[in-house]
Amino acid sequence: MTAPHRRPRLAVWKFASCDGCQLSLLDCEDELLAVAGAIDIAYFPEATRGAVSGHYDLSLVEGSITTAHDAERIRQVRGRSARLVTIGACATSGGIQALRNFADIRDFTAAVYARPDYISTLATSTPIAGHVAVDFELRGCPVNKRQLLEVICAFLAGRRPAVAAHSVCMECKLKGNLCVMVAHGTACLGPVTHAGCGALCPAYHRGCYGCYGPQETPNTASLGGSLRALGMDERALHRIYRTFNANAEAFRCESDRHAD
């Protein structure tokens, strides 16, 4: 008698984050049931207390590295994972908590905690790829649940995930949105931001905030010229990139260009 075929094991890990990207997976609902039938969800504390020890075929990692303990823990996760995919702005760029990278962390802890001397943390918040090898990065704050399902299915099938690398502007065109910069003079990061949100903000006549981080080849300098024409000064140009993906290289370099 042949041994029963073992289903691939999936693990979902949390580091410094808000849990929003893990909730995106749970929000898949009916689709998640189909995925659960094809894989063994071996470790997912957000959804279940049960855990299967050992090695995992695919690990999804949410959150950034902000403590020495987490820096060690992500190396252990990498060692137990055949494939490791980072999900969300925190895991791919350091997240909004990476704003600490531009200041003195001691000032923040002193402002928040009565006894900051009890706080043990790193001076910076860094992406997972800054510590271990990553097989794929899925951007977003939070991630798009359909893209997340595509990533899981792709790795189960042994292929590269089919996640578009174009900008939010392409999504606006596909939806038939008017360009908020052209039509309303609204500042928008869509031309340099990775697609995935379905152009949610521009669809409601708001500029893109850059939730999905920089696209593969962002021309931030060119966009800066257009934003200046809309009336933005150097301080505003500096601040517009210091949000969800402040530590992403393209956004960090552009914001530094406009720093005092």
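From the list THR92, THR48, the one residue that fits, being closer than 16 Å to GLU137 by Cβ and not in a strand (DSSP E or B), is THR92. When you check ARG7 against the structure, is it surrounded by 14 or more Cβ atoms within 10 Å (Cβ to Cβ), without any contact (Cβ under 8 Å) to a residue 40 or more places away in the chain and more than 25 Å from GLY94 (Cβ to Cβ), yes or no? Criteria met by ARG7. Every condition in (1) assigned to a helix (DSSP H, G or I); (2) touching a strand residue (DSSP E or B) at 6+ places or on another chain (Cβ under 6 Å) is met by ALA129 except one, and the failing one is (2). From the list CYS211, CYS141, the one residue that fits, being assigned to a loop (DSSP other than H, G, I, E, B) and in the same structural domain as HIS69 (by TED's automatic domain parsing), is CYS141.
Name the single residue that is nearest to GLY210 (Cα to Cα) among those in the range 95-106 being in contact (Cβ under 8 Å) with a residue 60 or more places away in the chain and assigned to a helix (DSSP H, G or I). Selected residue: ILE96. For THR121, the stated conditions do not hold, so it cannot be described as in contact with a Leu (Cβ under 8 Å, 6 or more places away or on another chain), surrounded by 12 or more Cβ atoms within 10 Å (Cβ to Cβ) and not hydrophobic (A, V, I, L, M, F, W, C).
Evaluated against (1) surrounded by fewer than 20 Cβ atoms within 10 Å (Cβ to Cβ); (2) over 21 Å from the mean Cα position of the chain (by Cα); (3) modelled with pLDDT of 95 or more, ASP260 falls short on exactly one condition, (3).
Condition check: at positive phi, touching a helix residue (DSSP H, G or I) at 6+ places or on another chain (Cβ under 7 Å) and of a type in the set (Gly, Ala, Ser). Does GLY224 satisfy that? When the stated conditions are applied, GLY224 does not pass them. Applying the set (1) over 24 Å from the mean Cα position of the chain (by Cα); (2) of a type in the set (A, V, I, L, M, F, W, C); (3) part of a helix (DSSP H, G or I) to MET232 leaves exactly one unmet item: (3). The condition (being closer than 29 Å to PRO8 by Cα and basic (Lys, Arg)) is satisfied by just one residue among ARG100, ARG83, ARG106: ARG83. Would you pick out the residues in the range 150-186 that are assigned to a helix (DSSP H, G or I), crowded, with 16+ Cβ neighbours inside 10 Å and of a type in the set (Val, Ile, Thr)? Result: VAL151, ILE152, VAL168, VAL180.
From the list CYS201, CYS197, CYS208, the one residue that fits, being under 30 Å from ALA229 (Cα atoms), crowded, with 18+ Cβ neighbours inside 10 Å, free of Cβ contacts under 8 Å to residues at least 24 places away in the same chain and not acidic (Asp, Glu), is CYS201. How many of the residues making up the range 214-229 are part of a helix (DSSP H, G or I), closer than 21 Å to THR92 by Cβ and of a type in the set (D, E, K, R)? Adding up the residues that qualify gives 0.
Table: residues versus (1) touching a residue at least 60 places away in the same chain (Cβ under 8 Å); (2) of a type in the set (A, V, I, L, M, F, W, C).
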position: ALA51; (1), (2): no, yes
position: ARG78; (1), (2): no, no
position: VAL85; (1), (2): yes, yes
position: ALA89; (1), (2): yes, yes
position: THR92; (1), (2): yes, no
position: TYR113; (1), (2): no, no
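Being buried (at least 19 other Cβ atoms within 10 Å of the Cβ) and part of a helix (DSSP H, G or I) is the filter here, so list the residues in the range 10-34 that pass it. The answer is CYS21, GLN22, SER24, LEU25.
The values are calculated or read from the model by the stated rules, or taken from the named source; none is laboratory data. Given the structure is predicted, the values throughout are model-derived calculations rather than measurements. Cβ sites come from the backbone with ideal geometry, for glycine too, and all protein chains shown count toward neighbours.
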